[in-house]
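Chemist: Following this message is one structure expressed as structure tokens.
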Amino acid sequence: MTFEDWKAKVGLGAYRNTGVFRGQKATEYTATYINKMDLNLTRRHHAITYPAKTGNSTAAYVCNHLGPTSQAQADVDTAINNAINGNNLVACVAMDYGYELANGKPYVRYFTFAPNGQLLMSVNLDGRGEKHVPGTCLACHGGKHYDGQFPIDNRTTPDLGGHFLPYDIGNFLFSSNPALTQAAQEKAIYNLNKIAKTTNLTSYGIDLINAWYHNDTSTVMDLNYLPQDWKAGIGKIPGIDVTQLYQKVEARYCRSCHVAMDSERTTRNPEDFLNWTHTGDPSTDDAFKQVICGGPATVQRNHTMPNSLVTFNNMWSDPVAVKLLQQWSGDSNCLGHADPKLN
């Protein structure tokens with residue numbers, strides 16, 4: 001299967017409203033920006049949804065081009081112009097939902113295509129080398145039915161338990177080109193988020209999109225959004241500005257992936273305020289701190305979050321985030337101290 005084969009199957013691009021969707025009218029929405037907090041790639045997003053007897057058939061793809069060398073506006077403009085002109089293409093990543101069923105239910109599928117349209121079995125998007133599909137996708141998109149391999153008993157299913165992700169403007173950089181600014185693309189991104197809601201988003205993802213747009217009463221994302229449990233938690237962590245902890249740490253460096261994690265097996269979900277509070281139980285408090293600050297002898301879990309290399313470097317280069325994390329953890333050496341087994 002090629003990239004064109006897939007687009008023909010799902011009804012995107014030149015194949016919109018044709019083929020198996022003949023007579024069905026649907027709008028394809030697009031947006032172009034830099035994903036500065038995650039992979040630092042220039043991304044050209046496309047998405048569409050069609051009504052179907054079994055639910056929605058929704059498809060989306062993003063073509064990833066090399067990102068800017070810095071976050072200076074001139075470098076951002078250059079990277080986006082290159083992408084618009086088709087230069088520096090790394091790979092196109094595609095997802096669809098509802099085009100096939102597993103045990104009678106729709107599910108999310110993942111595909112990765114090379115610049116020449118060939119289907120790829122692995123891709124290097126994060127600068128840490130080639131990683132095979134589907135693991136490279138599920139690291140951020142969730143996958144409660146996949147734990148490093150497909151099930152090998154009679155529960156085997158093509159449904160990996162993954163999800164689409166919300167489009168989070170707070171983590172993007174935009175061109176100064178009047179047609180590609182944040183303001184010019186706000187409504188398109190609103191519609192991309194509405195399309196994401198036609199899939200099997202987690203409750204975290206649905207709540208987030210509804211709150212961003214005040215339940216569809218606005219098409220402009222509310223970047224000052226604070227979840228209700230975090231609002232109720234203001235003043236409940238001594239010496240910590242809870243609003244800043246959410247907006248400067250959780251929203252920027254954790255939320256993008258964890259809103260897709262409906263089965264948190266090894267850590268609790270940081271989108272829940274309770275998990276940032278100090279319960280007094282070392283077995284739970286220390287485990288949550290360890291993946292961020294490190295320190296304990298179980299070195300394999302130290303400093304494992306943020307998991308993305310770009311996000312990790314961004315967070316620990318952000319003095320506001322670092323200060324908040326050091327205050328929250330009570331560890332002035334958070335990240336800075338050596339791990340026991342590495343001494």
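Laboratory data are not the source of any read-out in this text; all were calculated from the coordinates shown. The structure displayed is predicted, hence computed values, not measured ones. Virtual Cβ from ideal backbone geometry, glycine too; neighbours counted across all protein chains shown.
Chemist: In whole Hz and in residue order, list the ³J(HN,Hα) couplings for the range 324-340 that follow from phi through the Karplus curve 6.51 cos²θ - 1.76 cosθ + 1.60, θ = phi - 60°; x for Gly and Pro.
Modeler: With the stated coefficients, the range 324-340 comes to 4, 5, 5, 5, 5, 7, x, 10, 5, 9, 3, 6, x, 7, 6, 7, x Hz.
Chemist: Among rounded, prolate and oblate, which fits the range 164-209 when a ≥ b ≥ c are the square roots of the eigenvalues of its C-alpha gyration tensor, a/c under 1.5 means rounded, and a/b larger than b/c means prolate?
Modeler: Judged from the Cα gyration tensor, the range 164-209 comes out prolate (a/c at least 1.5, a/b above b/c).
Chemist: With a 4.7 Å Cβ cut-off, tell me which Cys residues in the chain come up empty for a partner.
Modeler: Lone cysteines by the Cβ rule: C137, C254.
Chemist: What is the local net charge at R255, summed over the other residues whose Cβ is closer than 13 Å to its Cβ (Lys, Arg +1; Asp, Glu -1)?
Modeler: Here the count lands on -4.
Chemist: With a ≥ b ≥ c the root eigenvalues of the C-alpha gyration tensor of the range 228-342, is it rounded (a/c under 1.5), prolate (a/b larger than b/c) or oblate? Intermediate values should be presented prior to the final figure.
Modeler: Working: a/c = 1.29, a/b = 1.27, b/c = 1.02.
Rounded shape, in that the Cα axes give a/c under 1.5.
Chemist: Based only on other Cβ atoms within 10 Å, what is the fewest-to-most ordering of E28, E250?
Modeler: Details: E28 17, E250 21.
Ranking E28, E250 by Cβ neighbours within 10 Å, fewest first, gives E28, E250.
Chemist: Just round it to a whole percent: the fraction of Cα-Cα distances in the range 93-149 exceeding 13 Å.
Modeler: So the portion of pairs separated by more than 13 Å is 65 percent.
Chemist: Less than 11 Å Cβ to Cβ from D96, Lys/Arg counted +1 and Asp/Glu -1: what total charge do the surrounding residues give? Walk me through the intermediate numbers first.
Modeler: Details: positive: K7, K9, R109; negative: E100.
That sum, taken over residues with Cβ under 11 Å, equals +2.
Chemist: Return the sequence-ordered ³J(HN,Hα) values of the range 66-78 in whole Hz as given by the Karplus equation 6.51 cos²θ - 1.76 cosθ + 1.60 applied to θ = phi - 60°, using x for Gly and Pro.
Modeler: Karplus-based 3J(HN,Hα) across the range 66-78 equals 4, x, x, 6, 8, 8, 4, 4, 4, 5, 4, 4, 5 Hz.
Chemist: Step through the residues of the range 141-146 one at a time and calculate ³J(HN,Hα) from phi using the Karplus curve (6.51 cos²θ - 1.76 cosθ + 1.60, θ = phi - 60°), rounding each to whole Hz and writing x for Gly and Pro.
Modeler: Those phi angles translate into 8, x, x, 5, 9, 9 Hz.
Chemist: If you don't mind, another one. In the chain, with Lys and Arg counted as +1 and Asp and Glu as -1 at Cβ, which of these residues, T30, N193, C137, has the Cα nearest the positive end of the dipole, that is, farthest along it?
Modeler: Of the listed residues, the answer is T30.
Chemist: So how strong a dipole does the range 228-342 carry about its Cα centre when Lys and Arg Cβ are +1 and Asp and Glu Cβ are -1, to the nearest 20 debye?
Modeler: 180
Chemist: How large are Rg and Dmax for the chain when calculated on the C-alpha trace, in angstrom?
Modeler: Looking at the chain, its Cα Rg and Dmax stand at 20.6, 67 Å.
Chemist: Under 5 Å between amide hydrogens, which residues at least 5 positions from A91 or on another chain qualify, with H placed 1.01 Å from N in the peptide plane?
Modeler: Placed amide hydrogens put N64 under 5 Å from A91.
Chemist: Still on this model: Just want the answer: with Cβ charges of +1 for Lys and Arg and -1 for Asp and Glu, which residue in G98, T181, G148 is farthest toward the dipole's positive end in the range 3-212?
Modeler: Selected residue: G98.
Chemist: Would you count, across the range 228-342, every pair of lysines whose alpha carbons are under 22 angstrom apart, provided the pair is eight or more residues apart or spans two chains?
Modeler: Here the count comes out as 10.
Chemist: What's the local net charge at T30, with K and R +1, D and E -1, over the other residues with C-beta under 13 Å away? Walk me through the intermediate numbers first.
Modeler: Numbers: positive: R16, R43, R44, K187; negative: E28.
In short, +3.
Chemist: On to the next question. Any aspartates and glutamates with Cα under 20 Å of the K9 Cα? List them, leaving off those in the same chain fewer than 8 positions away.
Modeler: Within the straight-line cut-off, K9 pairs with E28, D96, E100, D159.
Chemist: About the Cα centre, and with charges only on the beta carbon of Lys, Arg (+1) and Asp, Glu (-1), how big is the dipole of the chain? Nearest 20 debye, please.
Modeler: Charge dipole of the chain: 700 debye, to the nearest 20.
Chemist: Another question, then. Which trypsin sites (Lys or Arg not before Pro) in the range 123-152 sit in a loop by DSSP (not H, G, I, E or B) and have at most 14 other Cβ atoms within 10 Å of their own Cβ?
Modeler: Listed in order of number, the matching sites are R128.
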